[in-house]
Amino acid sequence: MSRLRWGLLSTARINRLIIPAIRASARSEVTTVASRTRERGETYAAEWNIPRVLDSYEALVGDPEIDVIYIGLPNSLHVEWTVQALEAGKHVLCEKPLALHVEDVDRIAAAAARSSRVATEAFMYRHHPLTHAVQDIVRSGRLGAIRSFKGAFTFALSRDNDVRLDAALGGGSLWDVGCYPVSYACMLAGVPPVEAFGWQQRSASGIDLEFAGMLRFADGSVAQFDSGFTGPFRAEMEVVGRDAALRIHRPFRTDDMSRLSLTRGDETVEIPFPSEPSFAGEIADMERVALEGTQPRVTLADSRRTIAAITALYQSAASRQVVTLELARA
């Protein structure tokens, strides 16, 4: 096998960003889309020039002509279809969050081990040269000992019927966008947090419209972040060391406005990084995984760590108390 045949599980809006990335990649092609209704699937396939249409998710999972399944369903459906796809012998790229409970990440890991296939969470920023530049600077020691991570991801969500407003579907700003600064801080810290504290402003439907949280790591460094559906667009991270601070503008979905700068004393310098389309790296990562047998950049251990932190933050917000995370399996 020299090329990956991708199947899209649903006609989700996020597909519009994934399809061009797959088509631009040298070793991948979009061959099939599955929809719950034949009419909708055919309309979508015609719009996006996809050769094959299947009229159920089950048909896609069982299709022997598919190598990788991309899952862009609502959050509450990620685990069910990831496990089914793995057990049918497919690799899986699943949108974040991979799961809503750490136990479900363990279910996915067990299914992946049984099938000798890989499931990975679609945090596209993890694969971008901007993120690699940040990791290199932090590891180099140029910032000194890291003391804090600060992040934000907010925007105004105006569609009343959006699935992200539905608690039953795993909605909420922390699951949708707050997961980015949380995962970013955990990535750079390299270890799970030991304590979490959160505050939320909830909607009538029971989801968090706004969330503010803190995580403490074993070395004493602290992550602070906020997320929300009610404010202006903000996407940023800052890494503060004893000697310098690194600011990342638009770190989560890179574009021409993304910037990286380092401040030491009164001097701020821009740090260059290679340009690359936002979603190209995660497609190339799956190609290496499926065709060369490498490990994915976003491992299930990474996903488990992030999801453990998020669930602890929600527990804290509900109880209004600091929550201690269990580290034995993180």
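The values are calculated or read from the model by the stated rules, or taken from the named source; none is laboratory data. Please read these numbers as outputs of a predicted model, since none were measured by experiment. Because the Cβ atoms are built from the backbone with ideal geometry, glycine has one as well, and the counts that use them run over all protein chains shown. Surface areas here come from the heavy atoms of the whole protein model, side chains and all, with no ligands, DNA or RNA. Shrake-Rupley method; radii C 1.70, N 1.55, O 1.52, S 1.80 Å.
Charge dipole of the chain (Cα centre as origin; +1 on each Lys and Arg Cβ, -1 on each Asp and Glu Cβ, all else neutral): 360 debye, rounded to the nearest 20. Rounded to the nearest 10 square angstrom, Met214 shows an accessible area of 90 square angstrom against a 1.4 Å probe.
Entry note, segment 77-150: relative contact order of 30 percent, from Cα contacts under 8 Å with a spacing of 6+ residues.
The relative contact order of segment 1-116, computed from alpha carbon pairs under 8 Å that lie at least 6 residues apart in sequence, is 24 percent. Can you give the log10 of the normalised intensity I(q)/I(0) at q = 0.14, 0.21 Å⁻¹, computed with Debye over equal Cα scatterers of segment 1-122? Cα-only, vacuum Debye calculation for segment 1-122: -0.53, -1.19. Projecting the Cα atoms of Ala218, Thr82, Ala167 onto the charge dipole of the chain, computed from C-beta unit charges around the Cα centre, puts Ala218 farthest toward the positive end.
The Cα atoms of segment 259-312 give a gyration tensor whose axes a ≥ b ≥ c have a/c of 1.5 or more with a/b no greater than b/c, which makes the shape oblate.
Helical runs assigned H by DSSP (4 residues or longer) give the chain a calculated mean residue ellipticity at 222 nm of -10000 deg cm²/dmol, each run adding -39500 (n - 2.57) before division by the residue total.
The rule of thumb for compact globular proteins, 2.2 N^0.38 Å, goes into the C-alpha radius of gyration of segment 182-330 1.18 times. Legend: calculated FRET efficiency, Arg320 to Ser2, from the Cβ-Cβ distance at R0 = 51 Å, rounded to 0.05, equals 0.40.
Here each label is just a point 7 Å from Cα along the line to Cβ, and for Arg259 and Glu65 those points are 5.0 nm apart.
Whole-percent P(r), segment 119-199, all Cα pairs, 10 Å bins from 0: 13, 40, 32, 12, 2.
Over the chain, calculate the relative contact order: mean separation of alpha carbon pairs under 8 Å at least 6 apart, over the residue count, as a percent.
Working: 714 pairs, mean separation 60.6, N = 330.
Value for the chain: 18 percent.
Computed with a 1.4 Å probe over protein heavy atoms only, the accessible surface of the chain comes to 44 Å² per residue.
Compute the Cα gyration tensor for segment 9-69, then decide on rounded, prolate or oblate, letting a ≥ b ≥ c be the square roots of its eigenvalues: rounded whenever a/c is under 1.5, prolate when a/b is larger than b/c in the other cases, and oblate in all that remain.
Oblate.
Per-peptide packing, taken as the mean over residues of other Cβ atoms within 10 Å, places 83-94, 146-157 in the sequence 83-94, 146-157 from highest down. In this simple spin-label approximation, Arg242 and Glu103 carry label points 7 Å from Cα along the Cα→Cβ vector, and these lie 4.3 nm apart. Remark: segment 1-139 carries a charge dipole of roughly 400 debye about the Cα centre, counting +1 on each Lys and Arg Cβ and -1 on each Asp and Glu Cβ. Accessible area of Tyr314 (1.4 Å probe, protein heavy atoms only, ligands and nucleic acids ignored): about 50 Å². Taking only protein heavy atoms and a 1.4 Å probe, the accessible area of the chain is 49% carbon and sulfur.
Taking the average, over residues, of other Cβ atoms within 10 Å as the packing measure, peptides 117-123, 284-290 rank 117-123, 284-290 from highest down. Taking every alpha-carbon pair in the chain and binning the separations at 20 Å intervals from zero gives 31, 59, 10, 0 percent.
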